[in-house]
1. For LYS757, LYS367, give the ranking by accessible area with the largest first, probe 1.4 Å.
2. Given a Förster radius of 60 Å and the C-beta distance between ARG58 and LYS864 as r, what FRET efficiency does 1/(1 + (r/R0)^6) yield to the nearest 0.05?
3. Ordering PHE150, PHE70 from largest to smallest accessible area (1.4 angstrom probe), what's the sequence?
4. Of VAL122, VAL135, which has the most accessible area and how do the rest follow, probe 1.4 Å?
5. Give me the one-decimal nm value for the distance between modelled label points at LEU498 and ASP749, 7 Å along each residue's Cα-to-Cβ direction.
6. Using θ = phi - 60° and the Karplus relation 6.51 cos²θ - 1.76 cosθ + 1.60, list the HN-Hα couplings for the stretch 344-352 in order, rounded to whole Hz, with x at every Gly or Pro.
7. What accessible area, in Å² to the nearest ten, does a 1.4 Å probe give for ASP345?
8. FRET efficiency for GLU429 and ASP779, Cβ-Cβ distance as r, R0 = 45 Å, nearest 0.05?
Amino acid sequence: MEENQSWRLSYFPKPLQDTELLSDLKEGAVYFCGRDFALRPALVMRAGRVPFAWDAPRFARLFMFCMEYFLRYMAVPGRVENVVVIIDLQDISYRHMAIPALMELKEVFTHQNAGRVFCFYVCNMPFLVRALVNVVEAAMTERARQKIRFLSDVSQLREDFALNQLERDLGGCREDPFQLALPDPGKSSCMEFADTARDFLRQHGLEHLLDQTGHVRAKAFAESPEQVDLSPEEVSLHSWKAGLAMESIAIQPCLPPGRPVPGSSRQRIAARGVASPPSSAVAASNSRSLGLAVGFAAGLRGLRIVAKRRASRLAWRGRKGHGRLAGVQLQATAAATEATESEADVVVIGSGLAGLTCAGVLAAAGKSVTVLESHYVPGGAAHTFRARAKGIKGDFCFDSGPSLYGGLSGERTSSPLKHVYQILGEEPEWITYDRWNAFIPEGEANAAIGYEEFVSKLLPRFGGPDAPQQWERLMNRIIPMADAICNGPPPSFVREDLGVAATLARYLTKLKSIPGGPQKLSEPFSQFLEDAKVTDPFIKNWMDMFAFLLQGLPSYGAPTSMMAYMMGDMYKKNTCLDFPKGGNEALVGALVRGLEKHGGQVLLKKHVEEVLVEGGRAAGVRLKDGHVIRAPTVVSNADWQVTKSLIKEGSAPELEDYLKTTWKEYKLLKSFIHLHLGFRGDGLPSGHCEEFPAQWGVFNSWSDLEAPRNAVLVSCPSMLDPDLAPPGHHVVHAYTPATEPWEDWADLDEGSSEYKKKKQEARDFLYSAVAKQVPDLEDRVVLELVGTPRTHRRFLRKPSGTYGLRVQAPEMLPGHKTPLEGFHMCGDSTAPGIGVPAVVMSGHICANNIMSVPEHWQILDKIKDWTTELEI
Ligand SMILES: Cc1cc2nc3c(=O)[nH]c(=O)nc-3n(C[C@H](O)[C@H](O)[C@H](O)COP(=O)(O)OP(=O)(O)OC[C@H]3O[C@@H](n4cnc5c(N)ncnc54)[C@H](O)[C@@H]3O)c2cc1C
């Protein structure tokens, strides 16, 4: 006690007033965000907000002031109470100050505040730190792991905090500029505020947010919106309402000095059945945990992974925090509202595969590129999200979109995505596998991809008497076409200006003639089948299914070029399917790494609200939070309707007209229902095998593949990569491929019983498709998330939850240039359309248009020889 007191006197030589620290607190580098679900005060430390001008002691003093404040006003006298600390390491690699400050904090924590921190949450770790953490975490004791939680995703904070307590870039919905709060010591006790909270909820018809003992269920708001299936507006509203109540508890001191309350917060929590470890154990591991966190940060600094720092990025990060202190409401200051500006050569709106491709290729050509993404994860339709099941340690990693990939693992391949990885010098590790399963109206068609099993197993069983001859005829006709496409010039040479003569000239020797002439490429594949005299119902249905899976339309709508390209890959000798180790997160992650390696950046949760037009050309973008990024070139990877909404009326009349009229002629494809399950894998094969292929499709009827609730696709990627689920468990994603009518869901209130009923029906339908291959499914499931077209619309930013435009060959989508100078478009609203290879092509072509021919030439130098003999 005496030692502590003398430390206080030396550390704070004169009495500190909160008003003295006001301006420092306003930076938002350290603040209390409320209490966690177990009512422990939560202190947030944001390294990226520590101004350069601060020295380490200034930062540490602020932090320690908050700790002292906690002890004085927020803890119950006579009890050992703890805080939780959220350490946000975003930007720490280049903010030197944070490291000495953390070191100083470690000293103080070790000697003066041992036992005061229940747990550290370390989040937003830069890539290399994350890699180190994986190694070190394995060596940590269970206790240490409880004390210091390295979060792979900030959304994990939602497990312990209400959304309204966390700022948006920490996974919550708290608006920036935030309201910084220090509890007011003059207010009444936590218990009284809890009563107020209960009254508030009851008055507002929110009783369901109280648990059986009448406590506010903070956890209800900590669940991910995916799980509760609320719109962001609803989440904000709910958490605001309940947050008001929660905050009343959260930001008030448990006790005005000297006033007794019945029991400490830990006792109250224990009474609710929330476990809390003995304080001695907490004390023992407290300093060690911070040491680990500091060690990582310091290690990172040594590695200097981000050596290059742009002024624009600094400007971006240098936002101001704002606050309310000790009952004094500070208005959002001028600095808060005044929009900061930064610059880039190119701004890309959206981090879908097309946007990331475009950005990566441009960065590799030496441009400074910033990608802005609304969502909290990159990847668009290919994003991954994580969820946890009660009582099970570890994340279930769910892919939201694509799961079928080919042509990526081999070195000599014509895959546009592979070429982009070669340009960027980054690539995921590939898992190869051989088969998928199809439950078709005739029976179960489980066969390896490629020619052999199709001919030896499927044709004799399902085909007519001359099916083998028809199949051979088809393949004999398709292979020369596939050869001309796959071994001809790579699509990356394409640019939509005269420079294309130069980039094509590079590949003149590779040009091959297309059997029947180039016009055959854009014809519907049904025409090709007719020309090849393919009449066998099974082969025709199988081809319809193949086309449908690739682009959402059967053979009558699929272009022959796409089918020839895919069949060349799928039916050649020694072919295989590819899956990225780590799921789509790894596929997207490699693109992000490649972009960053070349000096670009992806900023998440940065919703673009307007494309700026000045002097008759694109001049940058304005974000929802008011920030402006100036750039002479702007690319939109967003859906065309979303893009349209970003152009302020009257600012670019020609572009408005172009957006209004060009896409009007296409219909929209339908939407999706999704089911994501986590289930126990006991008794099932341990990995992908003939008895249990990792992917399967269910097709109830061939008569109309586009009909609602006819087809379901199922992917169980943890059969290929067990790390995608906790040990002994699997993840599954089942969905209807663009066959769910939006109109059936458009007008439903998501809180209504009708919506819930429809959702249950959707769930049951998808369940039965998964159960075709997973025995005793109901008993195995530990986690279940159902997505409707409304969910799809929300998370994939697709109006009406659509898959995209329904482009029926020989129709073609528009290209990538627009009438507004400096404004370009890429992604599935532009040619060639939907699907991973297609959108990657579109992103590449869009980038080519922006580069000079010499820059383009240098990019093409990086693509390795892709040609290979196509044998069946
Ligand atoms: C369920 C499903 C399964 C699929 N399966 C396959 C498959 O197996 N094989 C295959 O090849 N293809 C598949 N696809 C298709 C493929 O995934 C998509 O065509 C492709 O990923 C679309 O990429 P994109 O870049 O065009 O656009 P998107 O992925 O839609 O990306 C657009 C991005 O822009 C962002 N954005 C929008 N507006 C703004 C704004 N104002 N500010 C900032 N950001 C904004 C969005 O949040 C989004 O991240 C599947 C798709 C789905 C949905």
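The values are calculated or read from the model by the stated rules, or taken from the named source; none is laboratory data. Just so we're clear, the structure is a prediction, and the values are computed from it rather than from any experiment. A quick note on method: Cβ atoms are made from the backbone with ideal geometry, for glycine too, and the neighbour counts reach across all protein chains shown. These accessible areas exclude ligands, DNA and RNA; they are computed on the full protein's heavy atoms, side chains included. Shrake-Rupley method; radii C 1.70, N 1.55, O 1.52, S 1.80 Å.
1. Working: LYS757 130, LYS367 40 Å².
Sorted descending by solvent-accessible area, the residues read LYS757, LYS367.
2. Numbers: r = 52 Å, r/R0 = 0.87.
In this case the efficiency is close to 0.70.
3. Details: PHE150 20, PHE70 0 Å².
If we order PHE150, PHE70 from most to least accessible, we get PHE150, PHE70.
4. Numbers: VAL122 0, VAL135 105 Å².
Result of the area sort, largest leading: VAL135, VAL122.
5. 6.3 nm
6. Along the stretch 344-352, the couplings run 7, 6, 9, 10, 10, 8, x, 10, x Hz.
7. Answer for ASP345: close to 70 Å² accessible.
8. Values: r = 34 Å, r/R0 = 0.75.
The value I calculate is 0.85.
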